[in-house]
1. Please work out which one of (1) part of a strand (DSSP E or B); (2) over 30 Å from Ser137 (Cβ atoms) is the condition Asp221 fails and give its number.
2. Looking at the range 177-201, I want the residues that are over 22 Å from Asn228 (Cβ atoms) and touching a residue at least 12 places away in the same chain (Cβ under 8 Å) and have a partner that is among the hydroxyl-bearing types (Ser, Thr, Tyr) and crowded, with 17+ Cβ neighbours inside 10 Å with Cβ atoms under 6 Å, at least 6 apart or on another chain. Which pairs are those?
3. Kindly indicate whether Asp150 is out of contact with any Gly (no Cβ under 9 Å at 6 or more places or on another chain), at pLDDT below 95 and within 29 Å of Asn48 (Cβ to Cβ).
4. Condition test on Arg211, is it modelled with pLDDT of 95 or more and of a type outside the set (A, V, I, L, M, F, W, C)?
5. Condition test on Pro64, is it surrounded by fewer than 18 Cβ atoms within 10 Å (Cβ to Cβ) and touching a residue at least 60 places away in the same chain (Cβ under 8 Å)?
6. For the range 112-140, which residues satisfy the criterion of being out of contact with any helix residue (DSSP H, G or I) (no Cβ under 9 Å at 6 or more places or on another chain) and either part of a helix (DSSP H, G or I) or crowded, with 21+ Cβ neighbours inside 10 Å (or both)?
7. Of the residues that make up the range 43-54, is at least one part of a loop (DSSP other than H, G, I, E, B), of a type in the set (Asp, Glu) and more than 23 Å from Leu107 (Cβ to Cβ)?
8. Output the number of residues of the range 240-271 satisfying the condition of being among the hydroxyl-bearing types (Ser, Thr, Tyr), within 24 Å of Arg187 (Cα to Cα) and surrounded by fewer than 18 Cβ atoms within 10 Å (Cβ to Cβ).
Amino acid sequence: MTVIETVKEMQNISSKLIISGETIGYVPTMGYLHEGHLTLIKKARKENSKVIISIFVNPLQFGPNEDYETYPRNFARDKKLASEAGVDYIFYPSVQEMYPTEMTTNLTVTKRTDVLCGKNRIGHFDGVATVLLKLFSIIRPNRVYFGLKDAQQVAVVDGLIQDFNLPIELCPVETVREEDGLAKSSRNVNLTMPEREEASYLYKSLLEGKRLIESGERNPDVVIAAMNEYLKEHISGEVEYVEIHSFPSLLPLRQLEGKIIIALAVKYSKARLIDNIILNVT
């Protein structure tokens, strides 16, 4: 496994791989790898002849009061885990390498961002889309892998690839969970012990919503109200939202039908957790 720190070297290696007929599976990450990332890497390993991951904590997608400075980082650990998972190249640029001068062009995402996390994180997905377009241009992958835990990000990336006719296959991967159902996340390490014990109820509330829909409920307001009540009874964290939308278009629904997402966000003392499930309602 090779660690690459400059854009030019990464571009040269990608060009050589493409010329030699290799297929590139790419997993963008912000590091502090966990089992969710490793699942993406393993899927990329099965489906491509070369696997590249990036580790880059992108400042453009953090708001002024968010956790950019405290976001967990441990490159030595990440490097070991990536090597064991079969990664061929880690692209590990500095902020100065990715943004050597002030950007003259920034992307603005105009759809799929006015709900869920995007509603209160103004500019977040603009930063995500901007850095991903840069990374896609540098690495030129055949396939890119994202976890469905951040389904809104998957929806935004789907739009980015379609809008710019990028020759990349988007490969969403199911959320990896702890034994008690909590979605694996780099931020879970910031939960206190009592918070961690009750955090499993986030997923259980999603299953409660699913149960109602499968029993015939088609009014999204009824499902959302039941989930909010369930969370109120079981957790101490602040429920930021419980929402149901079409997927991946993330449009409002009066009646539950087709492919939908049930999603939630909960704020704890030092960690903000998100989770969702995606259903096909007939």
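The values are calculated or read from the model by the stated rules, or taken from the named source; none is laboratory data. None of these values were measured; they are calculated from a predicted model. As a convention, Cβ positions derive from the backbone with ideal geometry for all residues, glycine included, and neighbour counts pool all protein chains shown.
1. Checking Asp221 against (1) part of a strand (DSSP E or B); (2) over 30 Å from Ser137 (Cβ atoms), the one that fails is (1).
2. Ser186/Tyr32
3. Working: out of contact with any Gly (no Cβ under 9 Å at 6 or more places or on another chain): yes; at pLDDT below 95: yes; within 29 Å of Asn48 (Cβ to Cβ): yes.
When the stated conditions are applied, Asp150 passes them.
4. Criteria met by Arg211.
5. Against the criterion (surrounded by fewer than 18 Cβ atoms within 10 Å (Cβ to Cβ) and touching a residue at least 60 places away in the same chain (Cβ under 8 Å)), Pro64 does not qualify.
6. Lys119
7. no
8. Residues in the range 240-271 being among the hydroxyl-bearing types (Ser, Thr, Tyr), within 24 Å of Arg187 (Cα to Cα) and surrounded by fewer than 18 Cβ atoms within 10 Å (Cβ to Cβ): 2 in total.
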